[in-house]
Amino acid sequence: MGVRRTARTSKDRRFATSPYNLEAEKAQARKMPKKIIVYDTTLRDGEQMVGVRFTRDQKLEIARRLAKIGVHQIEAGFAAVSDEERSSIKAIVDEKLGPKILVLSRLVKEDIDAAVDTGADMVMLFIATSELHLKHKLNMTQEQVKGKLAQSLDHIKERGVKFSFTPEDATRSDWGFMEGLFKMAEKAGASRIGIADTTGSATPEAVGLLVRKIKGISKLPVSVHLHNDFGLALAGALAGIREGATHINSSVAMRREVQDGLMKRQW
C-alpha cells in the first residue's frame, strides 16, 4: 500500500521500498557503502548442520549455482578437515566460476598451509575470543591468543596470499582484546577484518555498534558473519551496512549448525 520508490530517489518507481529509507540515511549523517559484497558460506557452514553432508559433485554444483545467481565470493570449505574437503575446494577453484573463492583456517600452521595449497583467492583466519570460548574450548589466555595470532600472521605473510581475520564469538568478546587483534591483523596486511555473531545473540544495534567501533580504529573493509537463531540476521546485516560494513555473509535455505546467517532469499 503506497508509492513504489527506491531508497535512493523519490522518482524511481522500480522497487517497492519506503521513501523514508533515504531520509533516515541522511539523518544519520553517514553514507551507505556504494558496493556490498555477498560472500556465501553454504559449502562450509552449511555442512555443519546436523544430517547434512555434501559430496564433491554436490559441492561443485552448488558452487556453480551460487556463481550463476551472482554471489561475489564463495567460502568453499575448511581445508584442514580432510583430503576429500581439500579435493572439493581445489575442484571449485579449478572451475574458475567467476566469484572469488575463500577458505577458512584456524591459527594453525598446518591449517594455513592446507588452505593456501588449495589455490583459493583468500584465506579466512579465525580464532575464538570470548571468555567462555577461551576458558572452556581453547583453554588459552588472551595473551596466548595474541601470540598464536602473531605466529600465524608471520606464516601467512611468508606464504604470500591474501587473508582476512575474524574473531569467533566476537559479539560476546571483550572489545579491548579484539581491538588489539584487529590492529595486529591490519598491520600484517589483512585484506579485511570482521565480526562473527556465532550464537546469534547480538541485536542489530549491537552489530551496528561493533562495526562502528571497528571503522573507528581501522581503514580496512569490514565483514559481518551473522547467525539467525532469533531471527535477527537480516536486520543485523542492514545495521552493519549502515555503519560501514561492506562484506555480508549468507547461506542457502538456513543450512547451518544452528540457524543460517543471512538467507539468500532474504538478501
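What to note about this one:
- Region 222-231, residues that are surrounded by 18 or more Cβ atoms within 10 Å (Cβ to Cβ) and out of contact with any helix residue (DSSP H, G or I) (no Cβ under 6 Å at 6 or more places or on another chain): Ser223, His225, His227, Asn228
- Scanning region 96-109 finds no residues that are assigned to a helix (DSSP H, G or I) and more than 22 Å from Gly194 (Cα to Cα).
- With respect to the conditions (1) among the aliphatic types (A, V, I, L, M); (2) over 27 Å from Asp229 (Cα atoms); (3) assigned to a loop (DSSP other than H, G, I, E, B), Ala202 falls short on a single one, namely (2).
- Taking first residues from region 228-248 that are under 13 Å from Thr203 (Cβ atoms) and partners that are modelled with pLDDT under 95 and among the basic types (Lys, Arg), no Cβ contact under 7 Å between residues at least 6 apart in sequence or on separate chains turns up.
- Within region 33-55, tally of residues that are in a loop (DSSP other than H, G, I, E, B), at pLDDT 80 or above and surrounded by 14 or more Cβ atoms within 10 Å (Cβ to Cβ): 8
- Options Ala67, Ala80; residue that is under 18 Å from the mean Cα position of the chain (by Cα), part of a helix (DSSP H, G or I) and surrounded by fewer than 21 Cβ atoms within 10 Å (Cβ to Cβ): Ala67
- Residue among Glu168, Glu179, Glu110 that is within 30 Å of Gly70 (Cα to Cα) and surrounded by fewer than 23 Cβ atoms within 10 Å (Cβ to Cβ): Glu168
- Taking the criterion of being in a loop (DSSP other than H, G, I, E, B), within 21 Å of Thr42 (Cβ to Cβ) and either at pLDDT 95 or above or not charged (D, E, K, R) (or both), the residues of region 205-229 that qualify are His227, Asn228.
- Scanning region 84-107 for residues that are buried (at least 23 other Cβ atoms within 10 Å of the Cβ) and of a type in the set (Val, Ile, Thr) turns up Ile89, Ile92, Ile101, Val103.
The values are calculated or read from the model by the stated rules, or taken from the named source; none is laboratory data. What you see is a predicted model; the values in this text were computed from it and never measured. Here Cβ is always computed from backbone atoms with ideal geometry, including for glycine, and neighbour counts include all displayed protein chains.
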